[in-house]
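Written below as structure tokens is the structure these notes are about.
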Amino acid sequence: MIGLPPGNILQYLFLKERLNGLRGIGKKSFIEIGSGNGYVSEIFLNKGFEGIGFDLNESACANNEKHNQVFIHSGKYTVNNENFITTNQALKADIIISCMVIEHMSDELLDQYFKKCHEILNDGGVIISLVPSSMKHWGIEDEIAGHIKRYEFHDFNLMATKYDLQVKRLTGLTYPLSNVVFGISNSLVKKNESDKLKLSQQEKTVYTGNRDVQYKTTFPKVFNLILNPIAMYPFHVLQKMFGKNKNNMVIYGELEKR
């Protein structure tokens, strides 16, 4: 997690803690949708899970394969450059996770996604979704990324009802740090990625699997002194304290198969 954007580090710190509990109740396998460069999958793999990553971005899949090559060579992980919703693979898993994915989906695609997840999940399986939240924070980054919406807490209750699931855990993340740097973040996106506004919705979705914006998604090595789990831990404590704050810009949600 060293050298990653601060918001990502905070999300991953929370995820690592949650996986300790989920692993303890018998969860062993996972599928990651939108696996990108493989950092989230790596967290699962280091916790003893086995799994599969799906992503539409070819270069991100190549990075993922390199990043998690030890687990791939040992047969514990596979990377697939294809659409999870339309894959014909016979799949089963205890956990299906997506980070910054379902906000790209139309209502029709979201229906297909949750139907697919429901079919694949083992009994008592969990769908984990990390999504951008708080519509009042809609900005140029949402436009660049091809987001359909930013989620609110009540959206997860609606999805649970609609797709016959049960809300297991729901909390906001990255507050207050992401809110403090929100203006700077938008300025960097506007300066470096405005040309992506002309892309189609599908092209924007694929593009976000492997962004490269200095001081936004990548940082000089000297920043590793502060962009690491130890230095960021006080902000992790804060994000847990303010998990119910409506100004959180990320929501972590677990929906369990009944």
Q. If you scan the stretch 16-46, which residues turn out to be touching a helix residue (DSSP H, G or I) at 6+ places or on another chain (Cβ under 8 Å), within 19 Å of VAL79 (Cβ to Cβ), in a helix (DSSP H, G or I) and not hydroxyl-bearing (Ser, Thr, Tyr)?
A. VAL40, GLU42, ILE43, PHE44, LEU45
Q.
As an exercise: evaluate VAL180 against (1) surrounded by fewer than 17 Cβ atoms within 10 Å (Cβ to Cβ); (2) closer than 30 Å to PHE30 by Cα and give the number of the one condition it does not meet.
A. (2)
**Q.** Subset of the stretch 15-50 [in contact (Cβ under 8 Å) with a residue 40 or more places away in the chain, out of contact with any strand residue (DSSP E or B) (no Cβ under 6 Å at 6 or more places or on another chain) and within 28 Å of TYR215 (Cβ to Cβ)]
**A.** LEU15, GLY36, ASN37, GLY38
Q: Would you please name the residue that is nearest to PRO6 (Cα to Cα), looking only at residues in the stretch 50-75 that are touching a Phe, Trp or Tyr at 6+ places or on another chain (Cβ under 8 Å) and at pLDDT 95 or above?
A: HIS67
Q: Filter the stretch 131-147 down to residues that are outside any helix (DSSP H, G or I) and out of contact with any Ser or Thr (no Cβ under 8 Å at 6 or more places or on another chain) and give me whichever is nearest to GLY253 (Cα to Cα).
A: VAL131
Q | Residues of the stretch 148-168 satisfying the condition of being charged (D, E, K, R), assigned to a helix (DSSP H, G or I) and loosely packed, with under 14 Cβ neighbours inside 10 Å | A | LYS162
Q. Just checking, how many residues over the stretch 56-97 are outside any loop (DSSP other than H, G, I, E, B) and among the aromatic types (Phe, Trp, Tyr)?
A. 2
**Q.** Selection from the stretch 1-47 of residues that are in contact with a His (Cβ under 8 Å, 6 or more places away or on another chain) and either more than 22 Å from ASN224 (Cβ to Cβ) or among the acidic types (Asp, Glu) (or both)
**A.** GLU42
Q: Pick out the one residue from GLU108, GLU143 that is of a type in the set (Asp, Glu), under 23 Å from GLY36 (Cβ atoms), surrounded by fewer than 21 Cβ atoms within 10 Å (Cβ to Cβ) and out of contact with any strand residue (DSSP E or B) (no Cβ under 7 Å at 6 or more places or on another chain).
A: GLU143
**Q.** Residue list for the stretch 59-77, filter: in contact with a strand residue (DSSP E or B) (Cβ under 7 Å, 6 or more places away or on another chain) and either charged (D, E, K, R) or on the phi > 0 side of the Ramachandran plot (or both)
**A.** GLU65, LYS76
Q: Kindly indicate which of GLY209, GLY253 is within 20 Å of the chain's Cα centre (by Cα), of a type in the set (Gly, Ala, Ser) and modelled with pLDDT under 90.
A: GLY209
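Give me a count of the residues in the stretch 171-199 that are among the polar types (S, T, N, Q), farther than 24 Å from LEU15 by Cα and either in contact (Cβ under 8 Å) with a residue 12 or more places away in the chain or in contact with a strand residue (DSSP E or B) (Cβ under 9 Å, 6 or more places away or on another chain) (or both).
Qualifying residue count for the region: 3.
The values are calculated or read from the model by the stated rules, or taken from the named source; none is laboratory data. Because the structure is predicted, anything quoted here is derived from the model rather than measured. Neighbour counts are summed over all protein chains in view; Cβ atoms, including those assigned to glycine, are modelled from backbone coordinates with ideal geometry.
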